[in-house]
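The values are calculated or read from the model by the stated rules, or taken from the named source; none is laboratory data. None of these values were measured; they are calculated from a predicted model. In this analysis, Cβ positions are derived from the backbone assuming ideal geometry, glycine residues included, and neighbour counts consider all displayed protein chains. Just so you know, the surface numbers come from the protein's heavy atoms only, side chains and all, with ligands and any DNA or RNA stripped out. Shrake-Rupley method; radii C 1.70, N 1.55, O 1.52, S 1.80 Å.
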Amino acid sequence: MKWVRKRIYRMLAAVMAVVVLAQSTAFAEEGAEQGNTVNTTAVTLASPSAILMEASTGTVLFEKNPDEIRSPASITKIMTLLLTFEALEKGRIKLEDEVTTSAYAKSMGGSQVFLEEGEIQTVDTLIKCIAVASGNDAAVAAAEYVAGGEEEFVYLMNQRAAGLGMENTHFEDCCGLTDSDGHYTTARDVAIMSRELITKYPKIFDYTGIWMEDITHTTNRGSETFTLSSTNKLLKSYEWATGLKTGSTSKAKFCLSATARKDNMDLIAVVMGAEEGKIRFAEAITLLSYGYSVSHIYEDKNEDVLPNVPIKGAIVEEVKVAYQTPFRYLDTTGQNLDGVEKIISLPEQVQAPVKAGDVAGEAIYLLAGNKLGSVPILFEEDIPEAVYRDFVKKAFLEFLLSA
């Protein structure tokens, strides 16, 4: 029953939105803590709207009208890819699953890979068709497989956008063909969803890095080879390009979310509303080159072993702790990051009970006396509070061992 399925998807989406909103808030705080000032004059762009972001911290390095409402065209598919990878992670679908193309998916115009009604392709191939050739038909086929229909999938897209804090975005389809005023986003919001995709699912680069690859169409007319050719010309014109997605319609003009990796740093350059395709690529290169020229990353993988924390009121005497995450700090001011100091802040003793995942302390990072940021240190295990009989049992066991 379609209405039941739709209600279930809406309930799941609402829960997911709450969880992701908390995550996106943490990301925003992390980026703000970097303490770098957003530059709005470092480069000159012809395109009306753009933004440059460092992916691991979310720090914005440059912006030009980043919150201006614009039509996104096929960069809409970044959200489609994000939801597809999330479905893979949750085990709802698998890369080797076979997807049958519907008549509706086949009917998509614009950029397409010419899927036929009834044609079967794997999820893996559909992702290639979306990421490399920007196939609208492949995007709809994937959306129908993930959510049961495009309408349900678009609902999930909008819930996910809301959860990520994409305040100026609304989707009406999963591929970007819609040119209505109700299908819109901003350069900032595109950067946000691009960041979520590449940081949570770096496997996307296995697809967006493809310049050209053959797929096989198998229909009742037989089998034939079709060559996917990347729409992202940066793969051939910019040494460090890794992706991500192009888009163009008469309303959106020429758009691009460009990703690159150099010196262990991922940058995202979003250009929207360029008058020509070559302008979006040239200006993305300008933004990325600027970003790499002014940015330096300090990273601590936090692989050192932390001391156990003494615990009171439990059978055990100590509880294990661990860093929540590695630490990364992005500097754009030219500071010498060799002087970064890490201070471990842990209590001398804690009182039972404690729960795994609760905060025990933090690692604080300082440079010249100024705080750069911190990483929570968490309890690694559940330690219940001991009762009288636990102590009696412990004493008895110690007596037996010493006898």
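The charge dipole of the chain, taken about its Cα centre with unit charges on the Cβ atoms of Lys, Arg (+1), Asp and Glu (-1) only, comes to about 580 debye. Largest first, the three principal axis extents of the alpha carbons in segment 238-304 are 54, 20, 16 Å in whole numbers. Modelled spin-label separation between T44 and S223, with each label point placed 7 Å from Cα along the Cα-to-Cβ direction: 5.6 nm. Protein heavy-atom accessible surface, 1.4 Å probe, per residue over the chain: 47 Å².
Separation of segment 205-241 from segment 153-183 is 26 Å, based on Cα centroids.
Would you mind checking the tilt of helix 77-89 against the longest principal axis of the Cα atoms of the chain, expressed as 0 to 90 degrees and rounded to 10? That works out to roughly 50 degrees. Backbone phi angles across segment 43-55, fed through the Karplus curve with coefficients 6.51, -1.76 and 1.60 (θ = phi - 60°), yield HN-Hα couplings of 10, 10, 10, 7, 5, x, 8, 7, 7, 10, 10, 8, 6 Hz in residue order; Gly and Pro are listed as x. Of the solvent-accessible surface of the chain, computed with a 1.4 Å probe and all protein chains present, 52% belongs to carbon and sulfur. Which of rounded, prolate or oblate describes segment 174-295 when judged by the alpha-carbon gyration tensor and an a/c cut-off of 1.5? Oblate shape, in that a/c is at least 1.5 and b/c is the bigger or equal ratio. Relative to the longest principal axis of the Cα atoms of the chain, the long axis of helix 277-294 makes an angle of roughly 20 degrees. Per-residue 3J(HN,Hα) values for segment 105-110, derived from phi via the Karplus relation 6.51 cos²θ - 1.76 cosθ + 1.60 with θ = phi - 60°, read 4, 4, 6, 5, x, x Hz in sequence order (x marks Gly and Pro).
Taking springs between alpha-carbon atoms closer than 10 angstrom, which of S289, S134, S345 fluctuates most in the Gaussian network model of the chain? Highest fluctuation of the listed residues: S345. On a 0 to 90° scale, report how tilted helix 388-402 is relative to the longest principal axis of the chain, with both axes built from alpha carbons and the result rounded to the nearest 10. That works out to roughly 70 degrees.
Checking the cross-link pairs K94/K262; K128/K236; K312/K355; K200/K236; K77/K200 against a 24 Å limit on the alpha carbon distance flags K94/K262; K200/K236 as lying beyond it.
For the chain, just say rounded, prolate or oblate: build the C-alpha gyration tensor, square-root its eigenvalues into a ≥ b ≥ c, call rounded for a/c under 1.5, and beyond that prolate if a/b exceeds b/c, oblate if not.
Verdict is oblate for the chain.
Ranking of V305, V271, V294 by solvent-accessible surface, largest first: V305, V294, V271 (1.4 Å probe, protein heavy atoms only, all chains present). Simple rule: put +1 on each Lys or Arg Cβ and -1 on each Asp or Glu Cβ in segment 204-284, find the dipole, and look at V271, T218, F205; the Cα lying farthest toward the positive end is V271.
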